[in-house]
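Following: one structure in structure tokens, then a few remarks.
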Amino acid sequence: MFVLNLSAENWVGNQEEGDLIESPTWSQIEQAIRELDGKSKTLVTLGADDECYMSIGGGESGKYIVNITFDNVSFHNLVDPSKPDAIEKLVVGGQEGNYSARMCVILETALLAAQTFIVSGELQRSLSWEEEKELAVSSNNI
């Protein structure tokens, strides 16, 4: 399996008391994703190394945000191109944020993306992905 660990948040009040599971099974990964509720459980991270990982967040009202990075610089966001260009509010990583409705996918789509990533370390080609790059901060601008 490509993924080396599973991190699953569990917010108790304002304290994050999540779990880190080394060498997780598909069953453990699927369970963690299905438990996302957008309240106390808002983020699952599947790590291959410090720079390559998949994040799945949200869960409330059956809406999930999925992204993958292979280098911690460029991020691939899973999108549903059939959705309108509207804004949805979701809690991811314990914080409410505004997300494009196109980035809010259903559970089955999130699970398919996760299964492909954990097996091959790749993007599921039958799904739509949009690349987003982090802005590099130049020391000349400081």
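The values are calculated or read from the model by the stated rules, or taken from the named source; none is laboratory data. Treat the numbers as computed from the prediction; the structure is a model and nothing was measured. Heads up, the Cβs are rebuilt from the backbone with ideal geometry, glycines too, and the neighbour counts pull from every protein chain shown. With ligands, DNA and RNA removed, areas are computed over all heavy atoms of the protein, side chains included. Shrake-Rupley method; radii C 1.70, N 1.55, O 1.52, S 1.80 Å.
Would you point out which residue out of Lys89, Lys39 is part of a strand (DSSP E or B) and of a type in the set (D, E, K, R)?
Only one candidate qualifies: Lys89.
Hey, does the range 101-123 have a residue that's closer than 24 Å to Leu20 by Cα and of a type in the set (Phe, Trp, Tyr)?
Within the range 101-123, one or more residues are closer than 24 Å to Leu20 by Cα and of a type in the set (Phe, Trp, Tyr).
I'd like the full set of residues that are more than 13 Å from Thr45 (Cβ to Cβ), open to solvent by 30 Å² or more (accessible area, probe 1.4 Å) and either acidic (Asp, Glu) or within 14 Å of the chain's Cα centre (by Cα) (or both), limited to the range 63-74. Can you show your working first?
Of all residues in the range 63-74, those more than 13 Å from Thr45 (Cβ to Cβ) come to 63-64, 70-71, 73-74.
Next cut, open to solvent by 30 Å² or more (accessible area, probe 1.4 Å) only: 63, 70-71, 73.
Correct list: Lys63, Phe70, Asp71.
Could you please find all residues in the range 41-58 being within 16 Å of Leu111 (Cβ to Cβ), open to solvent by less than 30 Å² (accessible area, probe 1.4 Å) and among the β-branched types (Val, Ile, Thr)?
Hits for the range 41-58 are Val44, Ile56.
Need the failing condition index for Gly38 against (1) without any contact (Cβ under 8 Å) to a residue 40 or more places away in the chain; (2) over 24 Å from Ser126 (Cα atoms); (3) touching a strand residue (DSSP E or B) at 6+ places or on another chain (Cβ under 7 Å); (4) not hydrophobic (A, V, I, L, M, F, W, C), just the number.
(1)
When the residues of the range 1-17 are narrowed to those that are surrounded by fewer than 17 Cβ atoms within 10 Å (Cβ to Cβ) and in a loop (DSSP other than H, G, I, E, B), which ends up modelled with the lowest pLDDT?
Per the stated criteria, the residue is Met1.
Of Glu122, Glu108, which residue is closer than 23 Å to Glu9 by Cβ, open to solvent by 80 Å² or more (accessible area, probe 1.4 Å), modelled with pLDDT of 95 or more and not in a strand (DSSP E or B)?
Just one listed residue meets the conditions, Glu108.
Would you mind stating whether Asp80 is open to solvent by 30 Å² or more (accessible area, probe 1.4 Å), more than 23 Å from Asp19 (Cβ to Cβ) and either over 12 Å from the mean Cα position of the chain (by Cα) or not charged (D, E, K, R) (or both)?
yes
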